[in-house]
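Data first, discussion second: the structure below is written as structure tokens.
The values are calculated or read from the model by the stated rules, or taken from the named source; none is laboratory data. In this text the structure is predicted, and so the values were computed from the model without any measurement. For neighbour counting, all protein chains shown are included, and Cβ atoms are generated from backbone atoms with ideal geometry for every residue, glycine included. Heavy atoms of the whole protein, side chains included, go into the accessibility calculation; ligands, DNA and RNA do not. Shrake-Rupley method; radii C 1.70, N 1.55, O 1.52, S 1.80 Å.
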Amino acid sequence: MAASTGRDGGGMGVDRAASGGNGEAGERLRSMEGGERLLPKGFPKLKNDTFLRAARGEETEHTPVWCMRQAGRYLPEFRETRASQDFFATCRSPKLCCELTLQPLRRFPLDAAIIFSDILVVPQALGMEVVMVPGKGPTFTEPLKEVEDLLKLRQKVDVTAELGYVFQAITLTRHSLEGKVPLIGFSGAPWTLMSYMIEGGGSTTMAKAKSWLYRHPEASHRLLRLLADVIIEYLVGQVAAGAQALQLFESHAGHLGPELFQDFALPYIRDIAQAVKSKLKEEALPLVPMIIFAKDAHYALRDLAHAGYEVVGLDWTIRPQEARAQIGKDVTLQGNLDPCALYAPKEKIGELVKKMLESFGTQRYIANLGHGLYPDMNPEHVGAFVEAVHAHSRHINKHS
């Protein structure tokens, strides 16, 4: 659900207190295939901080742009790299995750990279088996059916042991980016992960998962708390490994109304932001900007604006002016072009981007789509989108 994938597999973790200098980084990078582990130190100096500046509300010369699922099946080189590899085996390979993360950067002048992974690596860390079924998507071999099934989950997760391969991928990618752009890490939010774990895969109604909220509220909160605790450690570990920003995906927010969201999603979204920032301070790690993307949660924008995130991501079903009115001027907005707009001719894409920029304004704003890129999209049209954001935002800034 990222740079990356659609939703998101254990290896050895990255040493947090490791030493190493810039001169050694290239040597360690070259020897990575030989089995030596890269250390999250001595990263190359960042050359393009436009995305981070916008996230923090600082002035930018142009509007930064990246795309959810920018490393994806729409790229021929992505399909070639992934051809003979199982999806989650790919997620567990730091070298492949690094390569897939870098591919869109070689094509397009994007302002951020997002690590290739999947949100479903968190349920895997809890002991659940998830397989990618061709034509169907991610499938849980034994979804949660009864409250007693919660006992099958690991109650204490060694995040470094279970998800260390993600940390390794982040460290390798951060070195390999050579400071070109910042690297975003991410996780799914508790409700979205819970819904997958109960539904056993995708669902149009989320009826099984929602029935837990009504029938088993206490057990639902136990599961959501367990997920939130793992996510907090996971996100902090990503920053320790080299992530320069974090995005939390509440992709299934639209299946909850205001009341269910208030009870079963928002408290954990808030808690994750607060706890991650607190732990980053404790561990003397960078206080990186955090993005919340709660798809179809128009009813909760005011709450999300005060949930502790520097950036609120928007899907394409809300007008930018309405979102800004609800969220206020102290939070950066991200989004929100309809992904299907990229099926339009390039000239039309340029017109839509111009209109979007005029609606959002070019400051305190990060351009993106309202959801991820689709597999059948033309890479040239993705390029047209990225270039239009840069060109039109520079023009607007110059004449404002």
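What accessible area per residue, rounded to a whole number of Å², is obtained for segment 287-400 using a probe radius of 1.4 Å?
42
Roughly how far apart, in whole Å, are the Cα centres of segment 116-152 and segment 367-395?
32
How large is the direction-averaged shadow of the alpha-carbon convex hull of the chain, in nm²?
18.2
About the Cα centre of segment 274-400, what is the dipole size in debye to 20, counting +1 per Lys and Arg Cβ and -1 per Asp and Glu Cβ, all else neutral?
Numbers: 15 positive and 15 negative charges, 84 e Å.
Dipole size: approximately 400 debye.
Convert 4 °C to kelvin, take the viscosity as 1.567 mPa s, use the Kirkwood radius over C-alpha pairs of segment 62-151 as Rh, and evaluate the Stokes-Einstein diffusion coefficient in µm²/s, rounded to a whole number.
Details: Rh = 14.9 Å.
Diffusion coefficient, whole number: 87 µm²/s.
Can you give the net charge of the other residues whose Cβ lies under 12 Å from the Cβ of Lys152, counting K and R as +1 and D and E as -1?
Details: positive: Lys145, Arg154; negative: Glu129, Glu142, Glu146, Glu148, Asp149.
Once positives and negatives cancel, what remains is -3.
What is the sum of charges, Lys and Arg at +1 and Asp and Glu at -1, for the other residues whose Cβ falls under 13 Å from the Cβ of Phe360?
Numbers: positive: Arg319, Arg324, Lys329, Lys354, Lys355, Arg364; negative: Glu322, Glu358.
Local net charge: +4.
Check cross-link reach from Lys152 to the lysines: straight Cα distance under 21 Å, and skip same-chain residues fewer than eight apart.
Counting by Cα, and skipping residues close in sequence, Lys152 has these lysines nearby: Lys208, Lys210.
For Ala294, which sequence-distant residues (separation of 5 or more, or a different chain) have an amide H within less than 5 Å of its own amide H, given hydrogens modelled in the peptide plane?
Correct list: Glu250, Gly313.
First measure r as the distance between the Cβ atoms of Glu347 and Ser203, then evaluate 1/(1 + (r/R0)^6) with R0 = 56 Å and state the FRET efficiency to the nearest 0.05.
In this case the efficiency is close to 0.90.
Report the full-extension gain for the segment Gln321 to Ser84: residue separation times 0.36 nm, less the Cα-Cα distance, to one decimal in nm.
Details: separation 237, 0.36 × 237 = 85.32 nm, distance 4.57 nm.
Result: 80.8 nm gained on full extension.
Under a point spin-label approximation (7 Å from Cα along Cα-to-Cβ), what is the Asp330-Lys95 distance to one decimal in nm?
Label-label distance for Asp330 and Lys95, simple model: 4.9 nm.
I need to check one value: relative contact order of segment 50-164, counting alpha carbon pairs closer than 8 Å and at least 6 residues apart, in percent. Walk me through the numbers before you get to the answer.
On the way: 101 pairs, mean separation 22.5, N = 115.
After rounding, I find 20 percent.
Please calculate the 1.4 Å probe accessible area of Ile396, with all protein chains present, and give it to the nearest 10 Å².
In the full protein context, Ile396 sits at about 50 Å².
First measure r as the distance between the Cβ atoms of Thr139 and Gln262, then evaluate 1/(1 + (r/R0)^6) with R0 = 35 Å and state the FRET efficiency to the nearest 0.05. Before the final figure, lay out the partial values.
Values: r = 31 Å, r/R0 = 0.88.
It comes out at approximately 0.70.
For the chain, with all protein chains present and a 1.4 Å probe, just round the carbon and sulfur fraction of the accessible area to a whole percent.
On the way: 7980 of 16200 Å².
Carbon-and-sulfur percentage of accessible area, whole number: 49.
Do the alpha carbons of any pairs in Lys136/Lys277; Lys41/Lys180; Lys41/Lys329 sit beyond 27 Å of each other, and which pairs?
Checking Cα-Cα distances, Lys136/Lys277; Lys41/Lys329 exceed 27 Å.
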